[in-house]
Amino acid sequence: MFIGEYRHSVDAKGRVAIPARFRLQLEEGSVVVRWVEGCAAIFPRPAFEALAEKVASLPLANEQARAVSRFLFSSAFEVENDAQGRVVLPAAIREWAGLGTEAVIVGAGDRVDIWAPDRWAAKGFASPDEFSSALNGLGL
């Protein structure tokens, strides 16, 4: 499971360091994609394959299912950590996520989300009461 929040720079070649705590879970290969709410996501290969199976099982006659499939798979890139633990984020992914020279790397359970700092700051809850209300509304 991926947990925690880290801040790293993005260099001119689009490389961003993956936190050491996450690297072991990504050793078998990983896939980066454009993700919901305007961030990027890195999935370990097995988690991406499970997601791909779910998407592939959607009804072909459904226009929205086809759009989701095209969007997800057209933005998917296999990535590998270099010797310094960095991955190269393709330009299309960086553009989608609004990434400049800084990134917030966020553990999100089965994946790693990569956010532009300003977008990440706009997420979350304004108060503890708002968080509590959301938990209650989800039945937690």
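All of the numbers you see were taken from the coordinates with simple rules; none came from a lab. This is a predicted model, so every value here is computed, not measured. Cβ coordinates were reconstructed from backbone atoms using ideal geometry, including for glycine residues, and neighbour counts include every protein chain displayed.
Summary of computed values
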{"quantity": "Long-range amide H partners of Val79 with built H, under 5 Å", "calculated": "Ser30, Val31, Val32"}
{"quantity": "Positive-end residue, the chain charge dipole about Cα centroid, Cβ charges, pick of Pro117, Gly107, Leu72", "calculated": "Leu72"}
{"quantity": "Whole-Hz couplings from phi, Karplus 6.51/-1.76/1.60, listed for region 2-16; x for Gly and Pro", "calculated": "8, 9, x, 10, 9, 10, 9, 8, 10, 7, 4, 8, x, 8, 9"}
{"quantity": "Computed lengthening from Ser69 to Glu102, 0.36 nm per intervening residue step minus Cα-Cα distance", "calculated": "8.9 nm"}
{"quantity": "Distance between modelled label sites at Asp11 and Ala134, nm, 7 Å Cα→Cβ extension", "calculated": "3.5"}
{"quantity": "Computed magnitude of the charge dipole of region 5-137 (debye, nearest 20; Cβ of K, R +1, Cβ of D, E -1)", "calculated": "220"}
